[in-house]
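Here the structure comes first, spelled out in structure tokens, and everything after it is commentary.
Every read-out reported here was derived from the displayed coordinates using simple, explicitly stated rules and does not represent laboratory data. Everything numeric here is computed off the predicted structure, so don't read it as measured data. Virtual Cβ from ideal backbone geometry, glycine too; neighbours counted across all protein chains shown.
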């Protein structure tokens, strides 16, 4: 497991701009048992306290989109990447359970 980032989400400035919905990008392999298991963990985390609409969820099959895996320097699967304000704020490689995913997403969860 590798965790990077500890930034809080970007907040709306005093100029009346509204913050866009953060993206949660899940890099996975359709052939990976770990990837399927993490799908279950992620569903549980996002359903708690009705967080399922907090993120725009984007799933990237690295076998079909190796260009995106290379662009985001994905070396382990599955990997979760939080993009907020067009910037990578956090990432988690090979999450082992709901607790690790919750910690990664805590700044954005209700």
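Quick one: grab the alpha carbon gyration tensor of region 19-95, order the square roots of its eigenvalues as a ≥ b ≥ c, and give me rounded if a/c is under 1.5, else prolate or oblate depending on whether a/b is larger than b/c.
oblate
Quick one: length gained pulling residue 88 to residue 65 fully straight, 0.36 nm per residue minus the C-alpha distance?
6.4 nm
For residue 58 and residue 29, FRET efficiency with R0 = 22 Å and r from the beta-carbon atoms, rounded to 0.05?
The pair residue 29/residue 58 has a calculated efficiency of 0.90.
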